[in-house]
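Worksheet: the structure to be examined is printed underneath.
No lab work stands behind these numbers, since they all come straight from the coordinates. From a predicted model like this one, the values you see are computed outputs, not experimental measurements. All Cβ positions, even for glycine, are placed from backbone atoms using ideal geometry, and neighbour counts span all protein chains on display.
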């Protein structure tokens, strides 16, 4: 792997930061200009990220060192295929959500919109920073920025309930961050470096007990953000945030950053060979499997649409980490594909929930019968998203689930194969009644769709999910990238 | 430029000019502050010059006052450690002085401006002197200059300030006496007061009981002056009630100069092995500091007065630094020194903000901060920077020093210290987000309606630029110090670590 020195990673990270400053300076007096900054920053960020796809696919690493923090440890960006997947996902969906949030925020005449757009841009600064980081300390820095910039977004409504949700969010995530800091310091003490290595930085360092302790700290710390049970409580509460926040941050950027960090640690800090016995990974996988099943069971009981989606998110996040923890090549590939595919699908669902809320002020599923005839485009997109998560071809979710199941089979862990299948079945149990009631329930109302700035992004994401299901390597090159990661991690080269 | 006399000038110039300020204050009060600012500007120049000559020389710069050779004359000795502290004092005192213009105009009656600025400058003189001197008795003299001007100037504050100042004076005098007794013992044993000289002369006496008693007295004296738990009780009252400009100057600087003196005694006057191996001094300090961190963080949580909350935070921060020292290894000590410097800037940042809010709102009660973000957006942004730095969020400087402190405790295998450091950062996070939540969020009912607010949000705060400028500079410095922490460590702090601890 040859490092290519380029300013592009730094530019991709800086774009939202500059955007955030411009948003703040423009303020509420010129809302059109303010929102154009947001879209402009999103497009610029995606452009910079996308420009790095070609060199990364050639097997190179795009590198940019900002400054040295400690001897041999720098504030450094190193873009590899794995970081690329997450960066592509977050930055491309930010464009979509920027457009969507204009419609959402204006329709609801929300307060403090400048703060909303400012924090949103800062959150993307953090998320893409996490994706492109070249070592743990840089990653930690952006991880913290992401955590803190999201706090005002969670508490946006400023009702006592929203503020409580914000506090809960901070307690979980800052508490987790402290454990990560501890784990990081312990790893540094053992390895003398915090750079990611495809063979595992900590391989052969320290005793097994120490390594297990460090892994546990990392998993609890990052797992809080990835909403692994029992650390998931903050996510359903955070659904009180405006829907664009739930859509991009609590289905894609924030929680996926947690997932991303977990997998980074599993594969690049520990590596498949860090432990002498595979039991450690098995235990981790079992914890994740419990989350997968429990989250789905809880989801069935939820009547609030966003909360149901939140539990579905918890389920899928653990599915992804579970895939990585199985460590067999097809399971890894499935995990790397499910990361972006779930992002596209879940954001569609959330944006539908937001569109329904804006149009009808309904949040409860029991009130939504007949909504499919009132808002046909939105509900069509919802149906696509839901079917994708269940794993129905030709929607993208099918492909990733296929690999995950194959991976579980290949790893010889039939119990996890069962977990994946059961989770898909439960997905169907709680998604299809919504769809059924939307089309066949209630009385006929005339068509009354949400504003165009909201329906368009919804349709775009649903269409993208179908396209990615048929041509999974289209534009974003997710499959090539996933293959590349699997090759470097398990190829042993 | 000839930098040879800078070590003397950095003390003599503010000392002499403080009397000029007093004289001028009798005639034209409006001229007092400009003179103070110009003097501090000159001191900043001296501090930069001193740091440069230390860096180019790569070792200790010595200056003999009146050309008397040590150990008879007073020696000013500048190495990497105090050059760095001097520069921090110079930068912060200059910024605080600029910030103080409008705040002081509101708080202090115009007739007292002359004495006020005289004392302010004397205060800085004392701090510079304590930092630069290489003579333990001269250090006592300058400590008392700084302390006495502090007692007087704190007494000028609101409400119960004279009482708080009196209490501080009692405590401070006990501390100063203990210190004086301690160096008295050393003088009896060795006949010398020069630090470099004492170091040579004391080595054969390390087993002496008299030396041990002297050392204990010195430690107690310094502990009181740097407000180490449990002898911190003078600090919250006096710094809360002091005029805003004074607490912004004293809170970051005085306690940290105390830390510097502690480091001087532990590692220069005495051999590092004395306090780390022969007697368990560092263990005692570390144990006390860990309790102090938890105690002060919890006390801070219980406060509703912003300044009082920050005062308890200082006690906790002193605890962090001492924990770093107590690790007795290279990384821990780097963390302690870096945290000392960072903390000077963090506290300056937070206390100037507290001063501005007090002056603007007329109240420091956190419960009344609701809606502050509408009227003071920039001030609050600066507060956020300071808060995140204290909590330890990168890229703010507080994270980097905490990182070294954490590494230091791991190296030393001190798991209790480690746990306390981490728990402390969590408590600090709770502390600050409680304030930020009040300041940034309106109270809304379920339908999303906030309490009515008539005013439109201004783009920047309606406070004078002389207040806003220094605060913004301090906030930017927090990021700057964070990103360049490696340079600060590599070029300066590494050289300040005692020889015997460098190998690791």
If I take R0 = 45 Å and measure r between the Cβ atoms of residue A:448 and residue A:410 in this structure, what FRET efficiency does the formula 1/(1 + (r/R0)^6) give, to the nearest 0.05? 0.35
Let me have the relative contact order for the range B:146-291, percent, based on Cα pairs under 8 Å that are six or more residues apart. 29 percent
At R0 = 45 Å, how high is the FRET efficiency between residue B:278 and residue A:65 if r is their beta carbon distance? Nearest 0.05 is fine. 0.50
Measuring from label point to label point, each 7 Å out along Cα→Cβ, what is the residue A:480 to residue B:163 span in nm? 7.7 nm
Quick check for you: which residues of the range B:283-308 have the amide N under 18 Å from the point 7 Å beyond the Cα of residue B:416 toward its beta carbon? B:283-297
Would you calculate the volume per residue, in Å³, of the smallest convex hull containing every Cα atom of chain B? 141 Å³
Within 10 Å of each Cβ in peptide A:158-166, how many partner chain Cβ atoms are there on average? Round it to a whole number, please. 4
Hey, what angle do you get for helix B:161-190 against the long axis of chain B, alpha-carbon based, 0 to 90 degrees rounded to 10? 20 degrees
Counting pairs of alpha carbon atoms under 8 Å apart in space and at least six apart in sequence, what relative contact order in percent does chain A give? 15 percent
State the three equivalent ellipsoid semi-axes of the range A:3-490, derived from the C-alpha gyration tensor as the square roots of 5 times its eigenvalues, in descending order and whole Å. 33, 26, 20
What do you get for the angle between helix B:377-391 and the principal long axis of chain B? Use alpha-carbon atoms, 0 to 90 degrees, nearest ten. 40 degrees
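Could you order peptides B:205-211, B:367-373, A:397-403, B:224-230 by the average number of other Cβ atoms within 10 Å of their residues, highest first?
Packing order, densest peptide first, comes out as A:397-403, B:224-230, B:367-373, B:205-211.
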Relative exposure of A:80, A:473, judged by other C-beta atoms within 10 Å (fewest first): A:473, A:80
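Listing A:50, B:320, A:169 from the residue with the fewest other Cβ atoms within 10 Å to the one with the most, what is the order?
Starting with the residue having the fewest Cβ neighbours, the order is A:50, A:169, B:320.
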Net lengthening on full extension, residue B:466/residue B:291 (0.36 nm per residue, minus Cα-Cα): 59.0 nm
If one computes the Cα centroid of the range A:38-74 and of the range B:202-237, what distance in Å separates the two points? 53 Å
List the relative contact order of chain B as a percent without decimals, with contacts defined as Cα pairs under 8 Å and 6+ residues apart. 15 percent
Segment residue A:161-residue A:473, length gained on full extension (0.36 nm per residue, minus Cα span): 108.0 nm
Rounded to two decimal places and with Rh computed the Kirkwood way over Cα pairs, what is Rg over Rh for the range A:166-291? 1.00
Cβ-derived FRET efficiency at R0 45 Å, residue A:32 paired with residue B:141, nearest 0.05: 0.10
Burial ordering of B:149, A:480, fewest other beta-carbon atoms within 10 Å first: A:480, B:149
Can you tell me the orientation of helix B:113-132 relative to chain B, as the angle in degrees between its alpha-carbon axis and the longest Cα principal axis, to the nearest 10? 40 degrees
May I ask you to list the residues of the range A:132-161 whose amide nitrogen lies under 13 Å from a point 7 Å from Cα along the Cα→beta-carbon direction of residue B:361? none
Label-to-label distance, nm, for residues given as residue A:18 and residue B:57 (7 Å Cα→Cβ offset): 4.6 nm
Separation between the residue B:301 and residue A:303 pseudo-spin-labels, each 7 Å from Cα along Cα→Cβ, expressed in nm? 3.7 nm
Within the range B:391-416, name every residue whose backbone N is under 13 Å away from a label modeled 7 Å from Cα of residue B:476 along the Cβ vector. none
